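For reference, the structure is listed below as structure tokens.
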Amino acid sequence: MESIRPNSLLEFVGQQQAVDILKVHLASARKRNAPMPHLLMAGPPGLGKTSLARIVASETGGRLLEAVGGTIKTPADVAKLLGNIRSGDTLFIDEIHAVQRSGEELFYGAMEDGSLTVEDKSCDRMLRDLGLGAGKATVKSVRRLPPFTLVGATTLLGLVTAPLRSRFQTILTLLPYSLKEMTAIVLRTAGQLGLAMSGDVAEEVARRSKGTARIAVSNVHWLRDYSLAHGCRMTGKSAGDAFLMKGIDGNGLTPTDRAYLQRLVASAEAVGVETLAATLGESVETLEQAIEPFLLAQGFVEKTARGRVATAKARSPCGVAA
Ligand code: ADP
């Protein structure tokens, strides 16, 4: 998929509260000639966290260093990452809740006062070489880091530990986009891909994109491909046919969503998330982070202590036939 990320806050549609707060931080940082404070962004996938992190880097003029939380396991991983930082850089860590605890602790000092505490094992090695026993002479040395901004993103804010969370000056919560904002994102994307589309068709595409920018972008790519392959203009009819081919219904529900709902509707009892994941061949994480938020928000599903339960809405013609 072509990269058509918004490059500036001006191009970034919606998320007004988050954007307003960012503008204040950026303006203040510019006037102080200092980096922006550390920032944590929370919200489901595809709402624009990575895009905003990139915008922070470009608006502050520093480099963007990127890492994924799950790959940061040891203090050495963190030290390597922080050791690469130059003055004014933005370090973006996606899924920051997945950083392992022993590594995470190194971030505390780095975020608080720009200090990086590393263990110097050379003394230990020297003692061992001299036959004086190892493991007793670990010396800690403290390095000063250049000023930088840490931007963390998470789909699971509840898993970000309190000590880490408290070191971010600002936590931005990104919310699903309104239909109007989604329509603007669809039109922007269609324009970038050279796909002519009326406002009405764009609104229909927006309605089927679950309030999620990434889904809107992906749907517009699909419609562009469909229109090129069929040599047709993107009318309401051709858009409807293209969505039908992929099994995306009027609510934006996909075949996987419907399989999920059908499994629940077919069960007289609540179903555990592990069972659902096994039935659908998806991971629990995918269900919890990518599939369920929309179904819960739209009232197709309820979470109970015993598991997930389908609501009456899931049986409606828009969801699943009873
Ligand atoms: P996240 O990091 O939250 O998963 P991304 O920043 O990767 O989301 O955004 C997913 C896609 O949606 C990208 O292609 C990006 O261009 C687009 N996008 C996200 N937010 C917006 C927005 N507010 N306006 C326009 N496009 C957006």
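The values are calculated or read from the model by the stated rules, or taken from the named source; none is laboratory data. Computed from a predicted model, the values in this text were never measured in an experiment. Here the Cβ positions follow ideal geometry from the backbone for every residue, glycine too, while neighbour counts run over all protein chains shown. Keep in mind that these areas ignore ligands, DNA and RNA; they rest on the heavy atoms of the full protein, side chains included. Shrake-Rupley method; radii C 1.70, N 1.55, O 1.52, S 1.80 Å.
Annotations
- Accessible surface of the chain [probe 1.4 Å, protein heavy atoms]: carbon and sulfur percent: 54 percent
- Computed [θ] at 222 nm, deg cm²/dmol, the chain (DSSP H ≥ 4; -39,500 (n - 2.57); rounded to nearest 500): -13000 deg cm²/dmol
- With both residues required to sit in the chain, DSSP beta bridges show an antiparallel share near 40%.
- Residue-count net charge about residue 70 - beta-carbon cut-off 14 Å; Lys, Arg +1, Asp, Glu -1: -4
- Judged by the mean number of other Cβ atoms found within 10 Å, the most tightly packed of the peptides 230-237, 144-151 leads the ranking 144-151, 230-237.
- Peptide ranges 157-165, 181-189 listed from the most packed, as the mean C-beta count within 10 angstrom indicates: 181-189, 157-165
- Per-residue HN-Hα couplings for segment 18-28 [Karplus 6.51, -1.76, 1.60; θ = phi - 60°; Hz; x = Gly/Pro]: 4, 5, 4, 5, 4, 4, 5, 4, 5, 5, 5
- 5 angstrom amide H check on residue 272, placed H, neighbours 5+ away: 308
- Each peptide in 240-250, 99-109 was scored by the mean count of other Cβ atoms within 10 Å over its residues; highest first, the order is 99-109, 240-250.
- The mean accessible area for residues of the chain, using a 1.4 Å probe and ignoring ligands and nucleic acids, is 50 Å² per residue.
- Long pairs among 23/313; 49/180; 80/210; 237/313, criterion Cα-Cα beyond 29 Å: 23/313; 80/210
- Local electrostatic count, residue 11, Cβ distance below 10 Å [Lys/Arg +1, Asp/Glu -1]: +2
- Isotropic mean projected area of the C-alpha convex hull, the chain (nm²): 21.0 nm²
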